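The structure appears right after this line, and notes come after that.
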Amino acid sequence: MSHPPPFGQMAEFAEADALTEAVRAARAAGWRHLEAYSPYPIPEAAEALGVSAAPVGYIALAAGAFGAALAAGTAWYISVHLYPVNVGGRPLNAWPTFMPTTYLVAILWACAAALIGMLALNGLPRLSHPAFFARGFHRASADRFFLLLSSDDPLYEPEGTAQFLRGLSPLRVSEVRSA
Amino acid sequence: MSDVTAPVAAAALRPGAWGFRLSVAFCAAGVVVLAASVAAVLVRGVGVWGNNIPHVWGFDLIGYAWWIGIANAASLFAAILVLRRHGLRTAVNRFAEAAALAAILAAAFYPILHLGRAELFLWTLPYPSYTGLWPQFGSPLVWDFWGIMSHVVVTSLFWFIGLIPDLATMRDAAATRGRIGAARAYGLLALGWRGSVAHWHRHQAAYRLVAAMVLPLLLWAQTVVALEFATTLVPGWHQARLPLHVVVTGLPSGLGVVLALAAVLRHALSLQRFVDREDMNLLAQLTATAGLVAALAYAHELLVGFAEEDPTTRAALSARVLGPGAPAYWGAVALSAALPQLLWSGWARRRTLVLVAVGTLAAAGVWLDRWSLVVDGLLRDHLVGIGPAYSPSLAEWGLLGGTLALFALVLLLFGRLVPAVSMYETRHEESEAEMEEEER
């Protein structure tokens, strides 16, 4: 029976600062395929990883603009072409009265897109992930911090990677299987 | 460092005590009453209600505007806490959001049922139909449809996205206790959240962005409800100040409900450590301030109504304030504006029972204001005589009581099944506090 190649090496830390330091050290050593896990947001570690949240905003902006155009266009087309109603000779294209729905639908689209887009950028939802195979990983949602160096990285080699991680003084280092 | 939020997860995984079961049974019975009241309207039509001409709106619109007011003030409060990164949000914003969601669920019954032929509510959607009929986008009723739709979708997403990381914690806590079924259920809802730092970064960005967008949405949703009144020619309603009045006087209801909930949950789930005395103080003072602001709105109503308006409008306001409508009007002022002022006293703020009573009565006061507006606003019209008077029927009281039971049931289940306070935010805050102590 052949074993699939490992997913990577996981180091466990007790403190958020230790994780941030470890991420900085790994990035400085040239690692590109790495993932850090924590029970609460750590902006410094995200910065060290080079993650930007800006795409969430762009997605929301684009979806909001699309929603606004859709709502305003629908209201205009219905009121002017599909079902024109003459109310005391007022203009059919009474655009100020279309603005309330335009505004509401724009916010609806922007909010939904920000949240769904965030999930999509994160690659969620997914049923499983090799990180969950790591020893003690259930504490990543409570009080422990983890750093994973992926076997996809060109720098990866089983012995050397484990040694590098041990140099960051973690609580423990373990190999993570991929399936 | 052990996990500071373990008691919160434990509270959600513990089997319910008898008090909880009794409350659930009581609320479930109320939901049965709701089902019967809804069935009566659907089968027999709106004739089972006390509505008539001129009172085409009664409990249906009172209930709708009231619940929307509670939902608005509760989510407004939650969104502001998220944006301000205030310490209090870790504790109360989760159930402020839950209260908003439950209130919208309750509110959603009324506009659908008051259509008379509820199954035709689809006609407010723009879709090609064999009738060739299209909605008119100049109508506040169409605005209202989009307002409540956006409100429901955005508030539920906001609440759920904030909950995902805590659902992941619940998944792991349940799995550690060997509760595999519960772990699977929480795991599916957690969408595979693994706490990646990169994911956290985007999660927080999206969460705060939505909080910022919720604010204008809420103000607008309540404004649209008021515009439905303001665009009629009824003298008591046809006023430009109505949207502001309805938004502002709604604040004591939502904050009062959140205050009462915080006081109850603190004791029922032993969350004193997470919702501490400071939090309760701040929340109580906010409710008192909302009461003051509502008082200003009432004063403005009287000043503008009696000093500036024409005789017809003055007569309508006078009937509401000094005539047959006086009990509801002054009841609203007393309960939603004056009573919360009690909360400036430290003695009152330390008494759980006082907090629960003042919070609930403030919400009841806002209900009286909605009654005063919807029913007593029609005491005087352009005609010399107007009538018959409106008197709510059993089916309407059943609807009100039933939606209250539904609201309570949803909150009871939220309080039991999902963490009542935001665990990841509490962790974050505690770690920051620890760091500050080390630096000292």
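Working from Cα positions, state the angle (0 to 90°, nearest 10) between the long axis of helix B:180-189 and the longest principal axis of chain B. Tilt of helix B:180-189: around 60 degrees.
Quote the charge dipole size of chain A about the Cα centre in Debye, to the nearest 20; the model charges only the Cβ of Lys and Arg (+1) and of Asp and Glu (-1).
On the way: 11 positive and 13 negative charges, 113 e Å.
The dipole of chain A has a size of about 540 debye.
On the principal axes of its alpha carbon atoms, region A:1-153 extends 78, 40, 29 Å, with the longest extent given first.
Amide H contacts for A:S52 (H built 1.01 Å from N in the peptide plane; partners 5 or more residues away or on another chain; cut-off under 5 Å): none found. Between the listed residues B:H267, B:L317, B:A240, the Cα displaced farthest toward the positive end of the dipole of chain B, a dipole computed from Cβ unit charges relative to the Cα centre, is found at B:H267. Placing unit charges on the Cβ atoms of the charged side chains and taking the dipole of the protein assembly as shown about its Cα centre, the candidate lying farthest along the positive direction among B:S253, B:I112, A:I116 is B:I112.
Using the Karplus relation 6.51 cos²θ - 1.76 cosθ + 1.60 with θ = phi - 60°, the per-residue 3J(HN,Hα) values for region B:310-318 come to 6, x, 4, 5, 4, 5, 5, 5, 5 Hz, with x marking Gly and Pro.
Principal-axis analysis of the Cα atoms of chain B puts helix B:394-417 at an angle of about 10° to the longest axis. Each of B:G291, B:L189, B:M280 was scored by the projection of its Cα onto the charge dipole of region B:159-300, and the greatest displacement toward the positive side belongs to B:L189; charges sit on the C-beta of Lys, Arg, Asp and Glu.
Across region A:1-142, the relative contact order, built from alpha-carbon pairs under 8 Å that are at least six residues apart, equals 28 percent. The long axis of helix B:352-374 is offset from the longest Cα principal axis of chain B by roughly 30 degrees. Relative contact order, whole percent, for chain B stands at 30, derived from Cα pairs under 8 Å and 6 or more residues apart.
Of the residues B:L379, B:L343, B:L413, the one that moves most in a GNM of chain B with alpha-carbon contacts below 10 Å is B:L413. Charge tally around B:L317: other residues with Cβ under 9 Å, Lys/Arg +1 each, Asp/Glu -1 each, net +1. The equivalent ellipsoid that matches the C-alpha gyration tensor of chain B spans semi-axes of 40, 25, 21 angstrom, in descending order. Of all the options A:S38, A:S151, A:S79, the one that moves most in a Gaussian network model of chain A with Cα springs shorter than 10 angstrom is A:S79. Remark on B:S422: its backbone amide H falls under 5 Å from those of B:R94, a criterion applied only to residues 5 or more positions apart or on other chains, H modelled at 1.01 Å from N. All alpha carbon pair distances within the protein assembly as shown were sorted into 20 Å bins beginning at 0; the resulting P(r) in whole percents reads 18, 47, 27, 8, 0.
Backbone geometry of region B:242-253 corresponds, through the Karplus equation with coefficients 6.51, -1.76 and 1.60 at θ = phi - 60°, to 3J(HN,Hα) couplings of 4, x, 4, 4, 5, 5, 6, 6, x, 4, x, 5 Hz, x marking Gly and Pro.
Kirkwood analysis of the Cα pair distances in region A:54-121 returns a hydrodynamic radius of 13.0 Å. Using the Cα coordinates of region B:138-262, the gyration tensor eigenvalues translate into equivalent-ellipsoid semi-axes of 40, 16, 13 Å, sorted from longest to shortest. Which residues does the label zone of B:A175 cover in region A:130-174, counting backbone N under 13 Å from a point 7 Å along Cα→Cβ? Residues A:130-142 qualify, since their backbone N sits under 13 Å from the label point.
Within 10 Å of each residue's Cβ, count the other Cβ atoms and sort B:Y424, B:Y110 from fewest upward. Show your work: numbers first, answer last.
Working: B:Y424 26, B:Y110 23.
Going from least to most buried by this count: B:Y110, B:Y424.
Placing +1 on the Cβ of every Lys and Arg and -1 on the Cβ of every Asp and Glu, with nothing else charged, gives region B:6-426 a dipole about its Cα centre of roughly 1680 debye. Within the listed set B:A40, B:A337, B:A71, the Gaussian network model of chain B (springs between alpha-carbon atoms below 10 Å) gives the highest mean-square fluctuation for B:A40. The phi-based Karplus calculation (6.51 cos²θ - 1.76 cosθ + 1.60; θ = phi - 60°) puts the 3J(HN,Hα) values of region B:48-53 at 6, 8, x, 4, 7, 9 Hz, whole numbers, x for Gly and Pro. Scanning chain A for DSSP H helices at least 30 Å long along the axis (C-alpha atoms) with a Kyte-Doolittle mean no lower than -1.0 picks out A:54-77, A:99-121.
Pairs of alpha-carbon atoms within less than 8 angstrom and 6+ residues apart define the contacts here; what relative contact order does region B:133-199 have, in percent? The partial results should precede the final answer.
Working: 37 pairs, mean separation 17.3, N = 67.
Reported as a whole number, the value is 26 percent.
Region B:201-237 and region B:341-399 have their alpha-carbon centroids 22 Å apart.
A short reminder: the numbers here are calculations on the coordinates, not readings from a lab. This structure is a prediction, so every number in the text was calculated from the model and none was measured. Cβ atoms come from the backbone with ideal geometry, glycine included; neighbour counts cover every protein chain shown.
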